[in-house]
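Undergrad: One structure coming up, written as structure tokens, with questions to follow.
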Amino acid sequence: MRFLKNLFSPIRIGKMELENRIVMSPMDVNQAMPGEGSVTDSMIAYYEARARGGVGLIITGHAFVDLRGRAMMAQTAIWDDEFIPGLSKLVKAVHTHGVKIAVQLSHSGRQVHPFFINGQQPVAPSSIPCPVIKVLPKELTVVEIEDLIEKFGQAGRRAREAGFDGVEIHGSHGYLMAEFMSAYSNKRTDEYGGSIEGRLRFPIEVVKCIKQKAGQDFPVMMRIAGYEPVPGGRTIDETRCIVPLLVEAGLDALDVTLGTYANGELLIPSSQVPIGFNVISAEAVKKASKVPVIAVGRINDPLMAESIIAEGRADLVAMGRPLLTDPELPRKAKSGALQDVRRCLACNTGCLPVGKQLPDEIWRSSCMLNPFAGREKEWPIIPAPKPKKVLVAGGGPAGLEVALVASQRGHQVTLWEKSDRLGGQFNLAAVPPNKQEFAGAIKWFSTQVRKSGVKVELNKGVNLSVVAEMKPDVVIVATGAVPLIPDIPGINSPKVITAFDALAGKVNVGEQLVILGAGKVGCETADFLGEQGKQITVIEMRSEIGLDLVD
């Protein structure tokens, strides 16, 4: 596409040449074999779908180099040679599509619960608990540090033997590598702490060890926080100071992110966080770097990605959740079909493992807008053996999605919506502050169902007589949920309205309001009306508010 010429221009990272500047961010989808870490067929299908979509480089989710550094039950393992065959199978599947792939090497340090490391005590540069995990870690001895340096090096060797085009060291998000580099978590007084040079010794020796074991020509990148917004955390000026030292040690690229577990809202930013919020960090690092710099953080629009590169603020852009939502984003953008890109809403529904890592539950990443994300192998969209006449009742997101998929499979689909517009409750979801991206989802769905040949009828409700007259082979009911009205005295008063009616602008709500319920709907409605200067009291029967909020 002419006006995306910078985004789709080639670039080199060390000896690795990429066809475009879009990097699949190392977002872990927890699809490896639970408790073991070997590559699964589902994991291969997930990455292969993104390779097929035309991304320039895939960086896989963090692979643990040591059993004591595992952060998730189904995290990828690279700590032993036995994992090389499975990793090689993944690489070959991605290479089939002409796409480069690197594996992220990681040790979670103090940011891991003992459950995931067989009850052992986490380790760290200093015996200071992570404020989120709240488990006292064991301070590493010098001998143990040297052992971990070797393990990172051996993991790099395995990556090369498996056929990976490079590796990325996870030096951000408050994991072990980041813990060493930051005075926030490193209080050592020996050669691995006490000064910038001391705090950098571990990552520098890891980089050198990987180069020694995997080859000096093997590309090594590092994900690093531009700064850590915590008391005593590394500043952007300090990061700019350490970047030349890391590059001198052998780094071939820097992937600039932000924060630690204490800033979870910045690690996986929600719609409340501005688009492209972290580009300023990448830009600052680029000014101090002689190697390519990758920008990441709420970059879900190819036009924004192009401007970042065209303006010289970064050399590449990384997209995680946008490629979870639409694996075909690069291909669509390159062809000029921007209206066909299904854009991430940063809703953090499905892609965020909050409260989903219990011992009896293996969380797998998913996407509210793309039900096939992470399930590409189990749910392939294939032609129906016998096309059917399908009637979909309801034009909300569920009805639109099922109509679209049914049409893609070759069925004759008619969708009836009783209101005068498509989108259902997404129309309401787009109203509260910082939720306007939901309107884009409605536009995308509406465009796609019409392009796919679905016959859409508005202001028409489905009932038994309609079904009898149309005689469809299948009726799919997707009429959505309705508000729960509590059975309490006074509930039928004309002064009592639903949040749906308030958000839809159907009622003049006045100036003094009481909102019953402080879940997501109640909180967002309060936020919306509060911006209008209303006086609001929120009542919740539980002891906490916003328990269903993940953003």
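The values are calculated or read from the model by the stated rules, or taken from the named source; none is laboratory data. Everything numeric in this text was worked out from a predicted model, so none of it was measured. Cβ placement follows ideal geometry from the backbone for every residue including glycine, while neighbour counts extend to all protein chains displayed. The accessibility values were calculated without ligands, DNA or RNA, using every heavy atom of the protein model including side chains. Shrake-Rupley method; radii C 1.70, N 1.55, O 1.52, S 1.80 Å.
Undergrad: Across the range 447-551, how many lysine pairs, 8 or more positions apart or on different chains, have C-alpha atoms separated by under 20 Å? Please give the number.
TA: 6
Undergrad: May I ask you to order 206-216, 247-257 by the average number of other C-beta atoms within 10 Å around their residues, highest value first?
TA: The most tightly packed comes first, giving 247-257, 206-216.
Undergrad: Sorted from largest down, what three extents in whole angstroms do the Cα atoms of the range 449-551 have along their principal axes?
TA: Sorted from largest, the Cα extents of the range 449-551 read 51, 33, 28 Å.
Undergrad: Please list, by residue number, every one of the GluC sites (Glu not before Pro) in the range 4-55 that is coil in DSSP and has at most 16 other beta-carbon atoms within 10 Å.
TA: For GluC sites (Glu not before Pro) across the range 4-55 that sit outside H, G, I, E and B with at most 16 neighbouring Cβ atoms in 10 Å, the list reads E36.
Undergrad: Multiply the residue gap between K138 and S88 by 0.36 nm, knock off their C-alpha separation, and tell me the result in nm, one decimal place.
TA: This chain segment gains 14.6 nm when fully extended.
Undergrad: In nm, give the distance between the simple-model label positions of K455 and E146, each being 7 Å from the Cα along the Cα-to-Cβ direction.
TA: Between K455 and E146, the label points sit 7.8 nm apart.
Undergrad: Check which residues have an amide H placed less than 5 Å from I536's amide H, if you skip close sequence neighbours.
TA: L513
Undergrad: While we're here: Considering the values (1) 0.98; (2) 1.38; (3) 1.00, which represents Rg/Rh (Cα atoms, Kirkwood Rh) as calculated for the structure under consideration?
TA: This structure yields the entry labelled (3).
Undergrad: Could you check what % of the DSSP bridge pairs in the chain are antiparallel, to the nearest 5?
TA: 5 percent
Undergrad: Loop only per DSSP, at most 13 neighbouring Cβ atoms within 10 Å: give me the trypsin sites (Lys or Arg not before Pro) in the range 413-480, ordered by residue number.
TA: In loop regions of the range 413-480 (DSSP not H, G, I, E or B), the sparsely surrounded trypsin sites (Lys or Arg not before Pro) are R421.
Undergrad: Of the listed peptides 310-322, 469-481, what is their order by residue-averaged count of other C-beta atoms within 10 Å, with the highest listed first?
TA: Top to bottom by mean Cβ count within 10 Å: 310-322, 469-481.
Undergrad: I would also like to ask the following. Roughly how many percent of the accessible protein surface of the chain is carbon and sulfur, given a 1.4 Å probe and a whole-percent answer?
TA: Carbon and sulfur together cover 55 percent of it.
Undergrad: Over the range 75-232, with the other protein chains present, what is the accessible area per residue in square angstrom, probe 1.4 angstrom?
TA: 35 Å²
Undergrad: Per residue, what accessible area does the range 454-551 have, given a 1.4 Å probe and all protein chains present, in Å²?
TA: Solvent-accessible surface per residue comes out at 71 Å².
Undergrad: So what is the relative contact order for the range 41-167, in percent, with contacts set as C-alpha pairs under 8 Å and at least six apart?
TA: Working: 213 pairs, mean separation 37.3, N = 127.
Here the relative contact order equals 29 percent.
Undergrad: Can you list the aspartates and glutamates whose alpha carbon sits under 14 Å from that of K100, skipping same-chain ones fewer than 8 residues off?
TA: E17, E19, E48, D165, E168
Undergrad: Where the convex hull is taken over the Cα atoms of the range 495-551, what is its projected area averaged over directions, in nm²? Walk me through the intermediate numbers first.
TA: Details: hull surface 16.2 nm².
So the Cα hull casts an average projection of 4.0 nm².
Undergrad: Could you give me D for the range 151-284, from Stokes-Einstein at 25 °C and 0.890 mPa s, where the hydrodynamic radius is the Kirkwood radius over C-alpha pairs? Units µm² s⁻¹, please.
TA: Answer, rounded: 161 µm²/s.
Undergrad: Per residue of the range 170-187, in order, report the coupling 6.51 cos²θ - 1.76 cosθ + 1.60 (Karplus, θ = phi - 60°) as ³J(HN,Hα) in whole Hz, putting x for Gly and Pro.
TA: Values per residue, Gly and Pro as x: 7, x, 9, 6, x, 6, 3, 4, 5, 4, 5, 7, 10, 5, 4, 10, 10, 10 Hz.
Undergrad: Sticking with this one: Give the accessible area for T537 in Å² (nearest 10); use a 1.4 Å probe, count only protein heavy atoms, and leave out ligands, DNA and RNA.
TA: Looks like 80 Å² after rounding.
Undergrad: Run down the lysines and flag those whose C-alpha is under 26 Å from the C-alpha of K187, throwing out any fewer than 8 positions away in its chain.
TA: K134, K138, K151, K208
Undergrad: While we're on this one: Taking the alpha-carbon centroid of each part, what is the distance from the range 425-470 to the range 65-95 in angstrom?
TA: That distance is 42 Å.
Undergrad: Give me the Debye-computed log₁₀ of I(q)/I(0) at q = 0.24 Å⁻¹ for the range 253-330, equal point scatterers on Cα only, no solvent, two decimals.
TA: Once normalised to I(0) and log-transformed, intensities are -1.16.
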